[in-house]
Amino acid sequence: MKNFLLIAAITMLAACSNKKISGSHNNSGSGEWISLFDGKSLDGWKESEGPSFSIENGAIKVAGKRSHLYYDGPVQNHNFKNFEVKMQILTKPNSNSGFYFHTLFQQKGFPDDGFEVQVNNSHKDWKRTAGLYDISEARETYVKDDEWFEMSIRVEGKHVITKINGQTIIDWTEPEGATAPKGHPGRLIKSGTFALQAHDPNSIVYFKDIYVKPLP
């Protein structure tokens, strides 16, 4: 009888442990870095217009007409509120791109919802990498084209911090009672998914090692 009870207890503990592990991707504030890109395919991502996104040497290559690639996978049911996200990026000369957060899938045009974190190290647009587009701009160029760099974004409540290679670029808090800026009706802190931007046919940008850490 004692052996039976011991075996039953061990079985229950194993079941609880497995349940915790399998559900970890959907737990808010798990504190773990979770991959959003497998380095081999666009599984878990959904393109709008395109085709402007492909896989090259373990990275997402962004090249082609205007389009956006939205995260549509299982992590947090692709709905993030408080989080930290980081990625490796390489820009080619005169290229423009962006990384959106708190956005929603949109079949055409630039996303109406969410914030764009600019990716631009030499394009004619003066708004540089890691700036919050039309909200809090980065005017300086911190990294060079043709070199991999890390960009990270942390959102907690109304507070947004962007970094390049660990250096804080933007530290911004949405004011109480804020209204969306002109031309961006959904550019307010809320929740949503992520998206990569293909800005124009002359821009080539690479993204890889995309990880998110959900926060409470």
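Please count how many residues of region 111-136 are touching a residue at least 60 places away in the same chain (Cβ under 8 Å), in a loop (DSSP other than H, G, I, E, B) and not small (Gly, Ala, Ser). I'd like the intermediate steps shown before the answer.
Of all residues in region 111-136, those touching a residue at least 60 places away in the same chain (Cβ under 8 Å) come to 111-116, 119, 123.
Checking the rest, the ones that are also in a loop (DSSP other than H, G, I, E, B) come to 111-112, 114, 123.
Next, only the ones that are not small (Gly, Ala, Ser) stay: 111-112, 123.
Selection size over region 111-136: 3.
A single member of GLU140, GLU150, GLU176 is assigned to a strand (DSSP E or B) and assigned by TED's automatic domain parsing to the domain that holds HIS102, and it is GLU150.
Find the residue count for region 148-168, including only residues that are touching a residue at least 40 places away in the same chain (Cβ under 8 Å) and not hydroxyl-bearing (Ser, Thr, Tyr).
10
Selection over region 58-81 of residues that are within 21 Å of GLY109 (Cβ to Cβ) and more than 14 Å from the chain's Cα centre (by Cα) gives a count of 6.
The values are calculated or read from the model by the stated rules, or taken from the named source; none is laboratory data. Predicted, not measured: the structure shown is a model, and the values here were computed from it. Using ideal geometry, Cβ is built from the backbone for each residue, glycine included, and neighbour counts are taken over all protein chains shown.
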